Structures are given as structure tokens and as C-alpha cells.
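The structure appears below as C-alpha cells.
The values are calculated or read from the model by the stated rules, or taken from the named source; none is laboratory data. Owing to the predicted nature of the structure, the values given are computational and were not obtained by experimental measurement. Heads up, the Cβs are rebuilt from the backbone with ideal geometry, glycines too, and the neighbour counts pull from every protein chain shown.
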Amino acid sequence: MDAFIEHELPELRKHDLCVIANISGNSPEEYATMGKLLSDAGVDLIEVNISCPNVKAGGLAFGTCPSSAAEVTAAVKCASRVPVMVKLSPNVTDITQIARAVEDAGADALSLINTLLGMRIDISTRRPVLRNNVGGLSGPAILPLAVRMIWQVRQAVSLPILGMGGIQSGEDAVELMLAGANAVAVGTAMFRDPYAPLAVQDGIARYLEAHGYASASQLTGAVLPW
Ligand SMILES: Cc1cc2nc3c(=O)[nH]c(=O)nc-3n(C[C@H](O)[C@H](O)[C@H](O)COP(=O)(O)O)c2cc1C
């Protein structure tokens, strides 16, 4: 935290952009401490990653239980003066329950989805590919899950949604917006092409023009019912 605030934040501040800090912790107190430090340091928004193990509750992720998700949200809200966005975990039975709990606890926005728990085995060594056995699956494979969960959460809460999960193109981003996202984020696609967000932005603009939309905000939740 100290190194980020001392060295990286000033670098980020040189650009005319909104700085979002993503935090994770092992207890509500840890989350609150980080939220306060970052808020005092002047980030624009705090994104709370609740897919981390709750050490006191046997290591179950905060984001898998409505009450612990709400507890972390309230702790960060109480400690910080900047808006708080909570990043939902897709590794749950009903994501709308968590979304409602987080909204009731005072979150200003939601972001979804985080990675899905996956596993691969190297069949030549018969060992799991990852030392931790399981790990987060991201990228194009998870796009349909992101669309489904954003669509479900859009109907459950009224908070702004930052949508992500498998976006590689403007078309993918438009799909997440039609499902209910107010804005979108690009993660894994940047490993292949660091300029992917710019291509996504251009793709959204082309879609808007081709379909006669004046603004991307008109896409949010505009999916038609069957
Ligand atoms: C290498 C890697 C690191 C990540 N680190 C974080 C993190 O620190 N906090 C977090 O909330 N999500 C983290 N994520 C999840 C991504 O932000 C994103 O929610 C997810 O990968 C789905 O989007 P994508 O398919 O565009 O990558 C990480 C994902 C990857 C692949």
C-alpha cells in the first residue's frame, strides 16, 4: 500500500484519467484500513474485490455469502470518503442475493464478473497445471456467464454496473451493455494486445453509428424480451 501510494499513484495521476484502486483483504478490518489509506491518498474510486478468503470464517470467500459481503462493503464505506464499487464473485449459486446485500450495505456501484474457479491437469505428468490446483478462469470462455450474471443483477438492483468477463471486441462489450452494464472493462484481452481497450472502444463507436444510437448509455439494459 505504501509503495503504491508513494510511487505508483503519482505516476497514474500524471494522466487525465480516473484512478480506480482494487483492494483485497483477509478480514473486514484489513479492507477498511486499505480503503481509508487509499481514500486519504486521493484515488477516485475504490473497487472491493470480495473473492478473497475470509480467514476467520474458515477461508470461505467473502463474496460467497450475503452477510460477509455486506460486512466488508459496510466496513470500506465507513472508512473511506470516495465512492465504493464492489466486485462480485461468479462462484455462487445466486449472484442476485449477493448484489442485493451489497447494495443494502451502501455500495455505490457493482463490478462483475470476477474469474470462475477452474482447473487443468497436465496429462503427461498427471499433475495439476497450477501449484494451487485450482485457479481463476478468465477470457472469452466466460463471456456468456458474464452476460447472464449482469442481466440477472441488472434486474435485481439499481446500482451502476461495470461489466467485464471475456471482452475481446466492441461487439462483446455491446453485449454486456445490452445485458445491463453501464460501462465495461477489459482484462485478459490485454495480455494478447495491450491496445485491446482502444479496439473495443472503436468497435462500440462503430456499433452505435451503424445502429443509430446517440450515446453508449442507450445500450444499458436495452436487450429485448422474447
Ligand atoms: C492475471 C489476472 C489477475 C487478476 N487480478 C485481479 C485482482 O487483483 N482483483 C480483482 O478484483 N480481479 C482480478 N482479476 C479478475 C479480472 O479483473 C476480471 O474480473 C476477470 O479476469 C474477467 O475479465 P476478463 O475476462 O476481461 O479478464 C484478475 C484476472 C487476471 C486474469
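In the stretch 19-43, the residue that is nearest to residue 114 (Cα to Cα) out of those that are modelled with pLDDT under 95 and surrounded by fewer than 16 Cβ atoms within 10 Å (Cβ to Cβ) is 26.
Considered as a group, the residues in the stretch 63-95 that are out of contact with any Gly (no Cβ under 9 Å at 6 or more places or on another chain) and under 14 Å from residue 24 (Cβ atoms) include one that is surrounded by the most Cβ atoms within 10 Å (Cβ to Cβ), and that residue is 63. So, of the residues in the stretch 1-17 that are part of a loop (DSSP other than H, G, I, E, B) and more than 16 Å from the ligand (Cβ to nearest atom), which turns out to be nearest to residue 65 (Cα to Cα)? The residue in question is 17.
Residue 150 meets all of the listed conditions (1) at pLDDT below 95; (2) touching a helix residue (DSSP H, G or I) at 6+ places or on another chain (Cβ under 6 Å); (3) not acidic (Asp, Glu) but one, namely (1).
Taking the criterion of being surrounded by fewer than 22 Cβ atoms within 10 Å (Cβ to Cβ), among the aliphatic types (A, V, I, L, M) and within 15 Å of the ligand (Cβ to nearest atom), the residues of the stretch 96-128 that qualify are 109, 116, 117. Per the listing 20, 5, the residue uniquely over 23 Å from residue 136 (Cα atoms), in contact (Cβ under 8 Å) with a residue 12 or more places away in the chain and among the β-branched types (Val, Ile, Thr) is 5.
Looking at the stretch 1-12 only, could you name the residues that are exposed (fewer than 14 other Cβ atoms within 10 Å of the Cβ) and not small (Gly, Ala, Ser)? Can you show your working first?
The initial filter retains those residues of the stretch 1-12 that are exposed (fewer than 14 other Cβ atoms within 10 Å of the Cβ), namely 1-3, 6-8, 10-11.
Selection gives 1, 2, 6, 7, 8, 10, 11.
When the stretch 138-157 is filtered for residues that are away from the ligand (no atom under 14 Å from the Cβ) and either over 14 Å from residue 176 (Cβ atoms) or not in a helix (DSSP H, G or I) (or both), the ones remaining, listed by number, are 155, 156, 157.
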